[in-house]
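**Student:** Mind having a look at this structure? Questions to follow.
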Amino acid sequence: MTSSDNQTKPRKTLLVSRDGELIKMARGAIGSSGAHQIIIAEKSISEVGAEVRDGQFDALVIDMDATAVGDFEHLQKIKRMTGPSTAVIVISQNFSPAAARILIQLKVTDFLIKPLATSDFVRSINNVLKNSSDEAQVEPQFLSFMGASGGVGNTVLALEAAAILNRFGHRIGRSTCVVDLNFQLGSCAEYLDLEPRFDINEIENAPERLDRQLLDVMLARHKSGLSLIAAPNKPSDMRSFKPALVIRLLDLVSAYFDYVVIDLPRSWFPWTETVLMGSNRVFITADMTVPSIRHARRVIEAIAEKGGKQIQPKVIVNRMDNRKNVAGLNAGDVTAALEGQLAGTIPNNYMLVREAVDRGVQLGDIDPSNNVSAALSAILLSDSEEAAAQSDAKSSLLSFGRKLLGRKAA
Ligand SMILES: Nc1ncnc2c1ncn2[C@@H]1O[C@H](COP(=O)(O)OP(=O)(O)O)[C@@H](O)[C@H]1O
Ligand SMILES: [Mg+2]
């Protein structure tokens, strides 16, 4: 799923730690076979000997106490033994500014603070294992779509956005995943004609069991290259899911995919706000009716109340009719009603969308130059500068998991 999968020679990382939680997380995230392998040395830094040199590891991950002078001395010894070609990542419970300075002087490649999100761990290792010729790994982009009212085409637009990003990303080696968070009544799988494989029952009470292997099993893959996480529909089963499950899922997904498109349910769950906060871009889908536009405005107000300025949702008006004298709203009314909050409009194309949905194919498969995809592409690319500015500000601090962990601690 990541570009490291394409490399032929396996990359070996040694983790030195006595922390059972960390070891479990690392095993789940990387595994001991395949293109990238993790080897565990269940010992403290003081017990590490020549094996760090003899094992010819590409990277060492050292779990140490960054408040202990003795640990720094051992770290220095390890650095001397392995030389500059082995990347060293340090993990510690806490870092003082003084400790950070020493680590920089020792030319440690990266340092991470516990508790650690899987995504941070995986990305840190992927970054240090990159050949210098490779482009730096990008932070994942999260795009969330939420319907202002029912049946406005939220799922159609989320899937089409994912198809656009997937085509674009394919050319530059980036991967795309759709996550259908309508756990009970999702339609993403149906629209893509895929079997939903995300089995919530299996992990509901133990979200930490969800690791890369399990995620692989629970992903559905579309022939276009798009991956999908969607649960089988259980219309009579109105349970609610713990935020920890959703957070764990998105953290994992963010470790392995570059673009993540989320189809959000319309009703507000305890995790909705967190998902919105973790998203680089939030779109509210409305259609060209007075109630739907009003709903969209209410959703935006609700989001502002909960998330303040951190989340800046934009409205997409779907099934737009640009004819003059249409009964009800016209284009001017829509623009006026959503002043400053309109991302753009999508034309009404009943034949095209209906055929795509019925046949379980993407819009581009029916007509590569269709007007729905064109309008949506323009929206996704038009405020891309703004989005880039926003996500720059975010990405310096946070991947999805980092942000969530930070919030939990706060
Ligand atoms: N741009 C469009 N033009 C015409 N019909 C559309 C368009 N977008 C969506 N639809 C239709 O609207 C219906 C609802 O779409 P869906 O994405 O399932 O809505 P939601 O997820 O908001 O409930 C679908 O039958 C779809 O064919
Ligand atoms: Mg839907």
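Throughout, read-outs are computed from the coordinates displayed, never taken from laboratory work. Owing to the predicted nature of the structure, the values given are computational and were not obtained by experimental measurement. FYI the Cβ positions are ideal-geometry reconstructions off the backbone, even for glycines, and counts take in every protein chain you see.
**Student:** Hey, in the GNM for the chain with a 10 angstrom Cα cutoff, which one of Asn205, Asn154, Asn126 fluctuates hardest?
**Tutor:** Asn205
**Student:** While we're looking at this one, here's another question. Specify whether the C-alpha gyration tensor of region 189-289 places it in the rounded, prolate or oblate class, a ≥ b ≥ c being the square roots of the eigenvalues: rounded for a/c under 1.5, otherwise prolate if a/b is larger than b/c and oblate if not. List each step's numbers first, then the result.
**Tutor:** Values: a/c = 1.27, a/b = 1.15, b/c = 1.11.
Taking the square roots of the gyration eigenvalues as a ≥ b ≥ c, region 189-289 is rounded.
**Student:** Find the relative contact order for region 7-129 and round it to a whole percent, using C-alpha pairs within less than 8 Å whose residues are 6+ positions apart.
**Tutor:** 25 percent
**Student:** While we're looking at this one, here's another question. What is region 172-234 by shape, rounded, prolate or oblate, if you read a ≥ b ≥ c off the alpha carbon gyration tensor as root eigenvalues and call it rounded for a/c under 1.5, prolate for a/b larger than b/c, and oblate otherwise?
**Tutor:** Note, shape of region 172-234 comes out oblate.
**Student:** Between Glu190, Glu339, Glu204, find the one with the highest GNM mean-square fluctuation for the chain; connect C-alpha pairs within less than 10 Å.
**Tutor:** Judging by the Gaussian network model, the answer is Glu339.
**Student:** Along the Cα→Cβ direction, 7 angstrom out, place labels at Ser32 and Lys223. What is the inter-label distance in nm?
**Tutor:** 3.9 nm
**Student:** Would you please give the residues with an amide H less than 5 Å from that of Phe283, counting only those at least 5 places away or on a separate chain, with H modeled from the backbone geometry?
**Tutor:** Counting only residues 5 or more places away or on other chains, the set is Ser144, Phe145, Met146, Lys314.
**Student:** Could you sort 360-366, 302-308 so that the peptide with the highest average Cβ count within 10 Å comes first and the rest follow in order? Walk me through the numbers on the way to the answer.
**Tutor:** Values: 360-366: 17.7, 302-308: 13.9.
So the peptides 360-366, 302-308, ranked by packing, come out 360-366, 302-308.
**Student:** Can you list the HN-Hα couplings for region 67-78, worked out from phi with the Karplus curve (6.51, -1.76, 1.60; θ = phi - 60°), rounded to whole Hz and with x for Gly and Pro?
**Tutor:** Along region 67-78, the couplings run 9, 9, 4, x, 5, 5, 4, 5, 4, 4, 4, 4 Hz.
**Student:** I want to verify a result. In a Gaussian network model of the chain, Cα cutoff 10 Å, which of these has the top mean-square fluctuation: Ser96, Ser227, Ser267?
**Tutor:** Top of the fluctuation ranking is Ser96.
**Student:** Hey, another quick one. If you wrap a convex hull around the C-alpha atoms of region 7-129 and split its volume per residue, what is the figure in Å³? Present the calculation step by step, with values, prior to reporting the outcome.
**Tutor:** Numbers: hull volume 11.6 nm³, N = 123.
Residue-normalised Cα hull volume stands at 94 Å³.
**Student:** If you line up the Cα atoms of the chain on their principal axes, what length do they span on each, largest first, in Å?
**Tutor:** That gives 80, 44, 39 Å along the principal axes, largest extent first.
**Student:** Using 0.36 nm times the number of residues separating Ser46 and Asn322, minus their current alpha carbon distance, what extension gain do you get?
**Tutor:** Between Ser46 and Asn322, full extension yields 92.2 nm more.
**Student:** Next question, about the same structure. Please work out the FRET efficiency for the pair Thr335 and Glu202, using the Cβ-Cβ distance as r and a Förster radius of 51 Å; give the result to the nearest 0.05.
**Tutor:** With a Förster radius of 51 Å, E is 0.60.
**Student:** Quick check: Cα centre of region 55-72 to Cα centre of region 174-251, how many Å?
**Tutor:** Using only Cα atoms, the two centres lie 36 Å from each other.
**Student:** Of the trypsin sites (Lys or Arg not before Pro) in region 165-272, which ones lie in a loop per DSSP and count no more than 14 other C-beta atoms within 10 Å?
**Tutor:** Working: sites: Arg167, Arg171, Arg174, Arg197, Arg209, Arg212, Arg221, Lys223, Arg239, Arg248, Arg266; in loops: Arg174, Arg197, Lys223, Arg239, Arg266.
Taking region 165-272 and a limit of 14 other Cβ atoms within 10 Å, the loop trypsin sites (Lys or Arg not before Pro) found are Lys223, Arg239.
**Student:** Next question. Counting only DSSP beta bridges with both residues in the chain, what percent are antiparallel, rounded to the nearest 5?
**Tutor:** 5 percent
**Student:** Tell me which residues come under 5 Å, amide H to amide H, from Val88 once H is placed; ignore anything under 5 positions away on its chain.
**Tutor:** Correct list: Leu60, Thr109, Asp110.
**Student:** Something else: Pop a pseudo-label 7 angstrom from the Cα along the beta-carbon direction at both Glu190 and Glu355 and give the gap in nm to one decimal.
**Tutor:** The two pseudo-label positions are separated by 2.2 nm.
**Student:** Another question, then. Could you name the aspartates and glutamates in cross-link range of Lys223, using Cα to Cα under 14 Å and dropping any fewer than eight places away on the same chain?
**Tutor:** Of all the aspartates and glutamates, those that pass the test against Lys223 - Cα under 14 Å, at least 8 places apart if same chain - are Asp193, Glu195, Asp365.
**Student:** Hey, another quick one. Using square roots of five times the C-alpha gyration tensor eigenvalues, list the equivalent-ellipsoid semi-axes of region 84-192 in whole Å, biggest first.
**Tutor:** Value: 39, 18, 10 Å, ordered largest first.
**Student:** Send over the semi-axes of region 241-306's equivalent ellipsoid, whole angstrom and largest first, taken as the square roots of 5 times the C-alpha gyration tensor eigenvalues. Can you show the working numbers first?
**Tutor:** Numbers: eigenvalues 124, 37, 20 Å².
Over the Cα atoms of region 241-306, the ellipsoid semi-axes are 25, 14, 10 Å.
**Student:** Here is a follow-up. Normalising by the residue count of the chain, find the relative contact order in percent from Cα pairs under 8 Å and 6+ residues apart.
**Tutor:** Result for the chain is 16 percent.
**Student:** I've got another one for you. Quick check on packing: order 104-111, 143-150 by the mean number of other C-beta atoms within 10 Å, highest mean leading. The partial results should precede the final answer.
**Tutor:** Numbers: 104-111: 14.5, 143-150: 22.0.
Highest-to-lowest ranking by the protection proxy: 143-150, 104-111.
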